[in-house]
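Below is one structure, written out as structure tokens; the observations come after it.
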Amino acid sequence: MDYFNSVLSSACAAHLHPLQSVLNAAARLVTRRRKFDSILDSMHYDLRWLPVRQRIHFKTCVLVNKCRNHTALSYLTEMCVPVSTISSRRHLRSAAHYDMTVLRTRLMRYGPRSFAVSGPVLWNSLPAAVRNPALSVLQFLRHLKTELFSRAY
């Protein structure tokens, strides 16, 4: 379920529905619910699992955070460039909000799905409090999951 998260980040609901069905079936198995019982409340309150779309966003944002902290692979770190590191853009408001530079792409279908584009776009959509570089890794994960839970439910 956790492969190709940046490619799936802008996928339509029809492509994510089978993955959500697998996640729902796993939740039913873990909570021992019947096939036609509602599982949404159990996923939210009992298991604390995110829906598939927010799970994809979570994994992508965690990877961008690793790139920002230089703990990811070097070729991924090169794709995530903070606005504050570009000398001509240091005075912009986005530099003070810890934004990442979003690369332009010529491909309409697959360009925005690449990690170089989808990662910074998802990162920039988070509140500045979540993107704060003073947060530890565990604090970042906690704030990110809380933010995505509030968007999902």
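The values are calculated or read from the model by the stated rules, or taken from the named source; none is laboratory data. Keep in mind the model is a prediction, meaning the values are calculated, not measured. Ideal geometry is used to build each Cβ from the backbone, glycine not excepted, and the neighbour counts take in all protein chains shown.
Just to verify a result, which residue in the range 95-153, among those that are in contact with a His (Cβ under 8 Å, 6 or more places away or on another chain) and exposed (fewer than 13 other Cβ atoms within 10 Å of the Cβ), is nearest to VAL83 (Cα to Cα)? Looking at residues that are in contact with a His (Cβ under 8 Å, 6 or more places away or on another chain) and exposed (fewer than 13 other Cβ atoms within 10 Å of the Cβ), I get ALA128. Beta carbons closer than 7 Å, at least 6 apart along the sequence or on distinct chains, pair a first residue in the range 52-69 that is over 21 Å from ILE39 (Cα atoms) with a second that is among the acidic types (Asp, Glu) for LYS59/ASP2. Once the range 47-58 is narrowed to residues that are of a type in the set (A, V, I, L, M) and closer than 14 Å to HIS15 by Cα, the residue that is surrounded by the most Cβ atoms within 10 Å (Cβ to Cβ) is ILE56.
Within the range 9-21, residues that are of a type in the set (A, V, I, L, M) reach partners that are loosely packed, with under 15 Cβ neighbours inside 10 Å and at pLDDT below 90 with beta carbons closer than 9 Å, at six or more positions or on different chains, in the pairs LEU19/MET1.
Filter the range 35-60 down to the residues that are over 19 Å from the mean Cα position of the chain (by Cα) and part of a helix (DSSP H, G or I) and list them by number. Selection gives LEU40, ASP41, SER42, TYR45, ASP46. The condition of being touching a residue at least 24 places away in the same chain (Cβ under 8 Å) and closer than 15 Å to VAL62 by Cβ holds for only one of PRO120, PRO112, that being PRO120. When residues in the range 70-86 are screened for being outside any helix (DSSP H, G or I), farther than 19 Å from LEU141 by Cα and either free of Cβ contacts under 8 Å to residues at least 12 places away in the same chain or among the aliphatic types (A, V, I, L, M) (or both), 5 of them pass. Look at (1) at pLDDT below 90; (2) exposed (fewer than 15 other Cβ atoms within 10 Å of the Cβ); (3) under 27 Å from PRO112 (Cβ atoms) and you find that ASP41 fails only one, number (3).
Mind telling me which of the residues CYS61, CYS67 ends up being touching a strand residue (DSSP E or B) at 6+ places or on another chain (Cβ under 9 Å), surrounded by 15 or more Cβ atoms within 10 Å (Cβ to Cβ) and not small (Gly, Ala, Ser)? Just a single option satisfies the conditions, and that option is CYS67. Being at pLDDT 85 or above, part of a helix (DSSP H, G or I) and within 24 Å of PRO127 (Cβ to Cβ) holds for only one residue in ASN65, ASN24, and it is ASN65.
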